[in-house]
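Here the structure is laid out as structure tokens; the discussion comes afterwards.
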Amino acid sequence: MVLRVREVSTSPFEGQKPGTSGLRKPVTVVTQPNYVENFIQSTLSTVKDVDTSGRTKILIGGDGRYYNDVAIPTIVRMCAANGFKHIILGVDGLFSTPACSAYIREEGCVGGILLTASHNPGGPDGDFGIKYNVGNGGPAPSSITDAIYKRTLEINTYKILDPIQLDISKLGDVTLETEGGSVEVSIVDGVQVHRELLRTIYNFSDIRSYLSKRKVTGDAMSGVMGNSLVEIFSKDLGVEIEHLVRYKSLPDFGGSHPDPNLVYGKDLVEKMKQGELEFGVAFDGDGDRWQRKWVLLCTKLLLGGNTLEISWTQA
């Protein structure tokens, strides 16, 4: 069946001004009819205006928070309707922000749409976020976010495909036949390319050897980094799986606030204070505080006794 491209009438919403961290709003605001569609159309139109490379490959991923499962199929339909021919999704819609950056660069995407509000709480009463990263994997500069915002003030229609059935829980490729031609949707492992990138930077063998002599813990705070804890920390680096906590991604982050500071990361601090573990790390909801800053590291220093040092570090 050939999917039609529909043009839907709409009207602007106030306050859809993104920063470098994208658009973050309460779920109760984002779930208004056409709210996501307006912002995505404004983003896609801007991308097509400013990018002169002719690239038609785009990535979509998120931190697993509430409403991602609704927004992702809508965004896939809109990308296809707006002329993007290859759409990359993380399985179950999961893609940490560092992994998104790696995939965008590795696959030569024009950019990526990231559904995350970072360390903000999730769930029906929490927050939702949409941000655009450009072809170098980094956040869109102000020239692009300003252009997106300008379009949100003027928008009167958006393009979207007919409804589709898309199972994003399984790896593989799906072809959508549209009146504008074929569109390939690739559902990929959101950890794999990031893992391979890390292997080019760090010596996994040496790290595994070092960690094998120590008791280590990791806390994904029920965010997107759970898969990375299991696949990289445990399988690659040998950290015992029973020492990993909250590594299952949950749409409401288990009712917690996925911010690895001394308030919301206190469980890790208390565990380290017990003295049985020598190194601990926690991640925020989308994992970018491991990649950039604000990682909570607790290391027991043997300086004439059991001394606990708590610090935030920049990778």
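Taking region 229-271 as the range and being over 13 Å from GLY287 (Cβ atoms), hydroxyl-bearing (Ser, Thr, Tyr), open to solvent by less than 50 Å² (accessible area, probe 1.4 Å) and in contact (Cβ under 8 Å) with a residue 12 or more places away in the chain as the test, only SER256 passes.
If you take just the helices (runs of 4 or more DSSP H) that sit entirely in region 194-297, which of them hold at least 1 residues that are small (Gly, Ala, Ser)?
Those helices (runs of 4 or more DSSP H) span 204-211.
Just so you know, in region 64-76 the residues that are more than 10 Å from the chain's Cα centre (by Cα) and not hydrophobic (A, V, I, L, M, F, W, C) include one that is least open to solvent (accessible area, probe 1.4 Å), and it is ASN68.
Within region 18-41, which residues are at pLDDT 95 or above, buried (at least 16 other Cβ atoms within 10 Å of the Cβ) and in a strand (DSSP E or B)? Listed by number, the residues that qualify are LEU23, ARG24, LYS25. Being open to solvent by less than 30 Å² (accessible area, probe 1.4 Å), at negative phi and under 15 Å from the mean Cα position of the chain (by Cα) is a property that SER118 lacks. Between LEU44, LEU89, the distinction of being within 19 Å of THR152 (Cα to Cα) and either open to solvent by less than 30 Å² (accessible area, probe 1.4 Å) or modelled with pLDDT of 95 or more (or both) belongs to LEU44 only.
Is it the case that some residue within region 157-167 is part of a strand (DSSP E or B), surrounded by fewer than 22 Cβ atoms within 10 Å (Cβ to Cβ), basic (Lys, Arg) and out of contact with any His (no Cβ under 8 Å at 6 or more places or on another chain)? The answer is yes, given that some residue of region 157-167 is part of a strand (DSSP E or B), surrounded by fewer than 22 Cβ atoms within 10 Å (Cβ to Cβ), basic (Lys, Arg) and out of contact with any His (no Cβ under 8 Å at 6 or more places or on another chain).
With respect to (1) over 26 Å from MET78 (Cβ atoms); (2) open to solvent by less than 20 Å² (accessible area, probe 1.4 Å), the lone exception for ARG214 is condition (2). Take CYS79 and decide whether it is open to solvent by less than 10 Å² (accessible area, probe 1.4 Å), part of a helix (DSSP H, G or I) and modelled with pLDDT of 95 or more. Taking the combined requirement at face value, the residue satisfies it.
Give GLY54, GLY15 a once-over and let me know the one that is open to solvent by less than 80 Å² (accessible area, probe 1.4 Å), modelled with pLDDT under 95 and not in a strand (DSSP E or B). If you could, list the steps in order and put the result at the bottom.
Working: GLY15 fails: modelled with pLDDT under 95.
The match here is GLY54.
Tell me, please, whether a residue that is closer than 21 Å to VAL185 by Cβ, buried (at least 23 other Cβ atoms within 10 Å of the Cβ) and out of contact with any strand residue (DSSP E or B) (no Cβ under 6 Å at 6 or more places or on another chain) can be found in region 103-111. No, there is no match, as no residue in region 103-111 is closer than 21 Å to VAL185 by Cβ, buried (at least 23 other Cβ atoms within 10 Å of the Cβ) and out of contact with any strand residue (DSSP E or B) (no Cβ under 6 Å at 6 or more places or on another chain).
The values are calculated or read from the model by the stated rules, or taken from the named source; none is laboratory data. What you see is a predicted model; the values in this text were computed from it and never measured. All Cβ positions, glycine included, derive from the backbone under ideal geometry; neighbour counts span all protein chains shown. Protein only, heavy atoms only, side chains kept; ligands, DNA and RNA dropped before computing areas. Shrake-Rupley method; radii C 1.70, N 1.55, O 1.52, S 1.80 Å.
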